[in-house]
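Read the structure below first, then the notes.
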Amino acid sequence: MLPGQPVKLSTIFIYLCGILICIGIAPSLPQLDFIAAWQDPAATRTVSFFQFISDSISYISFGIPVVVTIAMEFRRESGKKQSRLSLLYIILSIAVAGLISYVMKKTFSEPRPYEIDSRIAQLSVGGGYSLPSGHTTEAFASAMALTLLYPRWFVFVPVFFWASLVATSRIYLGVHYPFDILVGMFIGSSVSSAGYYFVFAKYVLPKKS
């Protein structure tokens, strides 16, 4: 594992509380008006950029952890088992968060923005219902897991920047409300945090010594 100060549980708690506050505020805001005013289907470069970011989800959320694990395999004689368990933790975090997202979609059956407001163009595809954003859930589960495993600024900044771009792309493309995005952020971040502090850090890290 890269050296660095572990992320405090209190910091994660404050971060998650901030998301919950935003979730509480979002329904009272004119979300459809915001999306309709922001979209510009004629701006093909912008649409292509956001579609590229949206499509990058699986390649990056799984790809980066796999590349890091492979690199550790070649760089170290020791610690390989923990490296492999780290990869397993990331994959499980994404899988569990994705399962929760799927169940919520089926439970709430919320239509997507373009299905509600004719001003909003459907600029991308989305399977199933709107709430929550599966792309955002996966992106933030991966970003949080990587940050907790490798708590350095050069890990935290790019992965959360990328996750935020994924979330933003889903709004611009007309397939999710900001509320959906915030819920996805909370699910992905909280699942990865719970898995790290209550399972990985408790049962895996002590074995390092």
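The numbers here are math on the coordinates, done by the rules we state, and not lab data. All of these numbers come straight from a predicted model, not from anything done at the bench. Cβ: placed from backbone, ideal geometry, glycine included. Neighbour counts: every protein chain shown.
Build a GNM of the chain with springs between Cα atoms under 10 Å apart, and of 185, 104, 144 the one that fluctuates most is 104. For the residues 89, 102, 15, a GNM of the chain with alpha-carbon springs under 10 Å puts the largest fluctuation on 15. Helix 57-75 and the long axis of the chain differ in direction by around 10°, with both axes built from C-alpha atoms.
The lysine pair count for the chain, using Cα distances under 17 Å and pairs eight or more places apart or on different chains, is 6. What fraction, in whole percent, of alpha-carbon pairs in the chain exceed 26 Å separation? Here the long-distance tail beyond 26 Å is 36 percent of all Cα pairs in the chain. The long axis of helix 80-108 is offset from the longest Cα principal axis of the chain by roughly 30 degrees.
Among 173-181, 21-29, 147-155, 63-71, the peptide with the highest mean count of other Cβ atoms within 10 Å heads the list, and the full ranking is 173-181, 147-155, 63-71, 21-29. Across the options 93, 124, 83, the greatest Cα extent toward the positive end of the charge dipole of the range 83-128 (unit charges at beta carbon of Lys, Arg, Asp, Glu) belongs to 83.
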